[in-house]
Amino acid sequence: METLFDKLHRVDPEYYTEEYVAKLSAQLERIRSLKRKRNAVLLAHNYQRPEIFEIADFTGDSLGLSLEAGKVKSADVIVFCGVHFMAETAKIVSPDKTVLLPHLGAGCALADTANAVDLEQRITELKKQFSDLQTVCYVNTTADVKALCDACCTSSNAVSVVKAMPAKNVLFVPDQNLARHVALHVPDKNVIAWDGYCYVHHQITPESVESIRKQVPGIKVLVHPECRDDVLKLADAALSTSGMIEYAQASDAQQFLAVTECGLSDMLQINVPEKQFFRACKICRFMKMISLDDVEASLEKMQFEITLSDEVRLKAQRSLDRMFELTGGARDNLKLPAYVADE
Ligand code: SF4
């Protein structure tokens, strides 16, 4: 049977030495015992550190984690290893649970590009021009922003949600790259993009993708829709992080390039060891803030608890519920040859 050392060493042989993995292993045992004591479940996003995956009860993308947080019944505590807006989403869908974010610095640069005051002003302005205007917010937004929107979406279902909105004019907040991707697949709507982007995905260049494609002919290129347009054009498929894992598992291909945050490449190497993964990725400093030390301290001291006012929580919940109503939790998982042909 594969040991913890085998798994972590495969991800990064220089970082995960035998001595370091032994230390992590002892710490993982202590955390398991704290989880039992607190009756806690731990949810981890696909971009987290590999040792966090080891202690997680569930790993996934934003959509999967929102669905899972809503299903937590028997636990009292949800420890959320991701970033702040994700922990807020867990609190929205599981209001009776104590939700802990182990590191308060784990924010999101993309979510920070849209605040509630600016959004309210923009909606008012646009409604003068487009009386039917509805607002869709990507899940990477604060609860205050979700509370102002008609529906929420994730990267896996953004196209389905916008398609199903009963309005021709849709303001899409905050990711301009995802908005462009949606507009291309829903040509009968006027998708108005907010001016935000994720600094991690924005740094990935077409040159970095093309140079690997030249070195490895036939490689399947999987791109996250938060990437720039010139990078998305090079994709075989535009997928959420969980969509990439499913694609790599199901595909006959043996070699893949996952173009997104680097944690996903770690996750693929752990979960699909029989295939080969190349990297054109960047690290999100927010996603990597949470360490096992933080998780242990979080469960020991019950820190840092996420709280929301009832007013914001209920309005934000309506926006999330709308997403589930419109999509039934479905993923789009778009393949992109059609996208390339459109250009
Ligand atoms: S990768 Fe981008 S969108 Fe995701 S948490 Fe980091 S800054 Fe936010």
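The values are calculated or read from the model by the stated rules, or taken from the named source; none is laboratory data. What you see is a predicted model, and the numbers here were worked out from it, not measured in a lab. Cβ: placed from backbone, ideal geometry, glycine included. Neighbour counts: every protein chain shown.
Only a single item in (1) surrounded by fewer than 20 Cβ atoms within 10 Å (Cβ to Cβ); (2) under 25 Å from A111 (Cβ atoms); (3) outside the structural domain of S211 (by TED's automatic domain parsing) is not met by V295, and it is number (1). Scan L268, L320, L257 and give me the residue that is in the same structural domain as A147 (by TED's automatic domain parsing) and either in a loop (DSSP other than H, G, I, E, B) or away from the ligand (no atom under 16 Å from the Cβ) (or both). Result: L320 is the single residue among L268, L320, L257 that is in the same structural domain as A147 (by TED's automatic domain parsing) and either in a loop (DSSP other than H, G, I, E, B) or away from the ligand (no atom under 16 Å from the Cβ) (or both).
Can you find, within the range 1-34, the residue that is modelled with the highest pLDDT among those that are among the charged types (D, E, K, R) and not in a helix (DSSP H, G or I)? That would be E14.
In the range 146-169, the condition of being at pLDDT 95 or above, among the acidic types (D, E), within 28 Å of A87 (Cβ to Cβ) and touching a Cys at 6+ places or on another chain (Cβ under 7 Å) is met by no residue.
For the range 40-77, the candidate set comprises residues that are assigned to a loop (DSSP other than H, G, I, E, B) and within 16 Å of the ligand (Cβ to nearest atom); within that set, the residue that is surrounded by the fewest Cβ atoms within 10 Å (Cβ to Cβ) is R49. If only residues of the range 206-233 that are among the hydrophobic types (A, V, I, L, M, F, W, C) and either under 17 Å from the mean Cα position of the chain (by Cα) or closer than 30 Å to T135 by Cβ (or both) are counted, the one that is nearest to the ligand (Cβ to nearest atom) is C227. Scanning the range 191-205 finds no residues that are surrounded by fewer than 23 Cβ atoms within 10 Å (Cβ to Cβ), over 23 Å from C108 (Cβ atoms) and away from the ligand (no atom under 16 Å from the Cβ).
Anything in the range 247-277 that is farther than 22 Å from L4 by Cα and either modelled with pLDDT under 90 or surrounded by 18 or more Cβ atoms within 10 Å (Cβ to Cβ) (or both)? List them, or say none. Steps first, please.
Kept after step one, since they are farther than 22 Å from L4 by Cα, are these residues of the range 247-277: 247-248, 250-261.
Once the filter is applied, which keeps residues that are farther than 22 Å from L4 by Cα and either modelled with pLDDT under 90 or surrounded by 18 or more Cβ atoms within 10 Å (Cβ to Cβ) (or both), the range 247-277 yields Y247, A248, F256, L257, A258, V259, T260, E261.
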